[in-house]
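Contents: one structure, followed by commentary.
The values are calculated or read from the model by the stated rules, or taken from the named source; none is laboratory data. On a predicted model such as this, the values are computed, not experimentally measured, just so you know. A quick note on method: Cβ atoms are made from the backbone with ideal geometry, for glycine too, and the neighbour counts reach across all protein chains shown.
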Amino acid sequence: MRHVIATIGRSLLATAAISLLAGAVGLTWLHLHGEQLLAVQSDSMRPVFASGDAVFVKRTNTFSAGQIMSFHDPAQPSVIVSHRIVGRDHGSFVLAGDAQPEVQQIITPDQAVGRVVAVAPGVGRVLNALHQPLVLAVFIYAPAMALIMSELGRLRKRLAPPGYQLFPGR
């Protein structure tokens, strides 16, 4: 019974490790192809996307009215905001959220990050959760440590010197 539980545990850990690796490879692939996956933090673009969703942002420097641009917020440059382009003003872009079209921002081209090309409903919640220390510890670090310890135990048994018997059969 103990062997069955250990085997199931190793299978679950291996599945979790493969899933994490696949996610890392996917995010790396996006980055190499000029895209980012960003978690949406507000409802300013509702109904197109809302808090808890994620958006795929493609790096570009060509934009047109009606597209959704992601840009560095002038008030907080570390924050990326995604709003619809509603016009141009002397080389700058005029943007507004779909849920608040009366609130407009003027953005210069150097503040642009890229254009929103797709929405992944609900995926932003997962991305946000992965930034929480407790979630990281429970779902990333603990399974990784358990997998490492399990494999070290298997290696120790495999590499241990054979036991000798002086008088076999006694």
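In the set (1) surrounded by fewer than 14 Cβ atoms within 10 Å (Cβ to Cβ); (2) modelled with pLDDT of 95 or more, the condition left unmet by ARG88 is number (2). Do we find a residue being free of Cβ contacts under 8 Å to residues at least 24 places away in the same chain, of a type in the set (S, T, N, Q), surrounded by 10 or more Cβ atoms within 10 Å (Cβ to Cβ) and under 28 Å from VAL40 (Cα atoms) anywhere in segment 109-117? Checking segment 109-117: not a single residue is free of Cβ contacts under 8 Å to residues at least 24 places away in the same chain, of a type in the set (S, T, N, Q), surrounded by 10 or more Cβ atoms within 10 Å (Cβ to Cβ) and under 28 Å from VAL40 (Cα atoms).
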